Every structure is written in structure tokens, then in C-alpha cells.
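What follows is a single structure, written as C-alpha cells, with notes after it.
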Amino acid sequence: MSAEPMPARGDDGGLDERSMHVLEFEAGAWQHPGPKADAIREEFGISAARYYRILGELIDSPAALRHDPMLVKRLQRMREARAVARARRSLLIGRPLD
């Protein structure tokens, strides 16, 4: 199993083309008809799981935050909300029934 590379930086210290493409896609993903996983495979030629690993690393990068702060902050909030929901579910699952 190989590790995913960190988001690449362009020559000017900003984002490379792939990183910018991922952010642009994510900003407009709701506009794509059909399942998002299919659109990811068609657009990038990678699995949805790999795309989300790349996106997760990307939204943690200062370069992405400088590139599109509103989008990156929104994606970070959404990720945090999903983590909180997962934690709540795991607490409820482990709780004995009354």
C-alpha cells in the first residue's frame, strides 16, 4: 500500500494544476448529474476513495486555504461535522440499552 503524496506545490509556492482542478471540481461537484463517484472517475481517472484522500490532505494545506479560503473552510467544517456525527454514533452503539 503506497502513501498518498502531499498536495503538490507549483513553482511559485501555490498549488499545482491537479490541486487546483480538485478544488474547482469540489466547488462545482453539486452541478454534476448522477453519482459523484462516477463524475470523479470520469474527471480524474481515479477511485472516489483516492480522490477523497487527496482532497483531505489538500484542504489541510495553507496553499489551498490561500487559493480559495471560503471553499476550504466550508470543506473543513463539513469534515468536522462528519467526524462529530461518527463519534456520536459510536457512543450510541456502545451504550447499553435501558
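The values are calculated or read from the model by the stated rules, or taken from the named source; none is laboratory data. All values derive from a computational prediction rather than experimental measurement. As a convention, Cβ positions derive from the backbone with ideal geometry for all residues, glycine included, and neighbour counts pool all protein chains shown.
Here are some notes:
- Counting only helices (runs of 4 or more DSSP H) that sit completely within the chain, those holding 3 or more residues that are surrounded by 13 or more Cβ atoms within 10 Å (Cβ to Cβ), at pLDDT below 95 and touching a helix residue (DSSP H, G or I) at 6+ places or on another chain (Cβ under 8 Å) correspond to 36-44.
- Residues of region 38-86 satisfying the condition of being under 16 Å from Gly28 (Cα atoms), without any contact (Cβ under 8 Å) to a residue 12 or more places away in the chain and among the hydroxyl-bearing types (Ser, Thr, Tyr): Tyr52
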